[in-house]
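J.: After the C-alpha cells below, expect a handful of questions from me.
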Amino acid sequence: MEHDHGELMRAAGLRVTRPRLAVLDVLAAHPHADTAAITEGVRTQLGAVSTQAVYDVLSALTDAGILRRIQPAGSVPRYELRVDDNHHHLVCRSCGTVVDVECAAGERPCLDARPDHGYAIDEAEVIYWGLCPTCAAAAR
C-alpha cells in the first residue's frame, strides 16, 4: 500500500515522507477519520509526531487533491482518500458515524441547481442525516 501512496504523492509533485505515508495508511484503514484519530494512528506507526506536523500533512495532501476534507454540520473536519468522484455521505445524528453513498442522481455534479445564477457548477455536496442501524436499534 505504501508504494501506491508514494506514487500518488510523486504524481502530485510532493515529496514522499514517513509522516505523509503514515497519514495515508491511517486513512486507508479508517475512512472519514478526524484529526485526533489520524494523529493517534500516525503516532502508533511512527512514535513521536507533533499534532502540527499532522495538520501540515493533512493540508498538503488536501491541497494536492490526494485527500478530501469534509465537515458535516456540528462535526470536526474529517478526511478521506476517495477524491475521484462526487460521492456523498450518510451521517448518524447519534454516534457521528460517516459512510459513503453514491451520487444522488446521474452525472456529476449530481444535482442541478435551478436557477444556477450563471455559476459553472462542478460539484454538489449532499449529506444525508439520520440514525445508523446500531443507534436506530438502540432507540427502539
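Throughout, read-outs are computed from the coordinates displayed, never taken from laboratory work. Small disclaimer: the values here were computed from a predicted structure and weren't measured. Don't worry about glycine lacking a Cβ; one is built from the backbone with ideal geometry, like all the others, and counts go over all protein chains shown.
J.: Expected output is a single nm value to one decimal: the length gained when fully extending between VAL83 and SER50, i.e. 0.36 nm times separation in residues minus the C-alpha distance. What is it?
T.: 9.3 nm
J.: From Cα pairs below 8 angstrom and at least 6 apart in sequence, can you work out the relative contact order of segment 2-79, rounded to a whole percent?
T.: On the way: 73 pairs, mean separation 24.2, N = 78.
Averaging sequence separation for qualifying contacts and normalising by length gives 31 percent for segment 2-79.
J.: Still on this structure, please answer the following. HIS117 to ARG69: FRET efficiency via 1/(1 + (r/R0)^6), r the Cβ-Cβ distance, R0 25 Å, to the nearest 0.05?
T.: 0.50
J.: Then there's this: How high is the relative contact order of the chain, given as a whole-number percent (alpha carbon pairs under 8 Å, six or more residues apart)?
T.: The normalised contact order for the chain reaches 18 percent.
J.: Nearest 10 degrees is fine. How inclined is helix 18-29 to the longest principal axis of the chain, computing both from alpha carbons?
T.: Computed tilt is about 40 degrees.
J.: Between LEU131 and ASP100, how many nm apart are label points set 7 Å from Cα along the C-beta direction?
T.: For LEU131 paired with ASP100, the spin-label model returns 2.8 nm.
J.: For helix 2-11, report the angle its Cα long axis makes with the longest principal axis of the Cα atoms of the chain; keep it between 0 and 90° and round to the nearest 10°.
T.: Value to nearest ten degrees: 80.
J.: Compute the long axis of helix 35-46 from its Cα atoms, compare it with the longest principal axis of the Cα atoms of the chain, and write down the angle in degrees, 0 to 90, nearest 10.
T.: Compared with the principal axis, the helix lies near 30 degrees.
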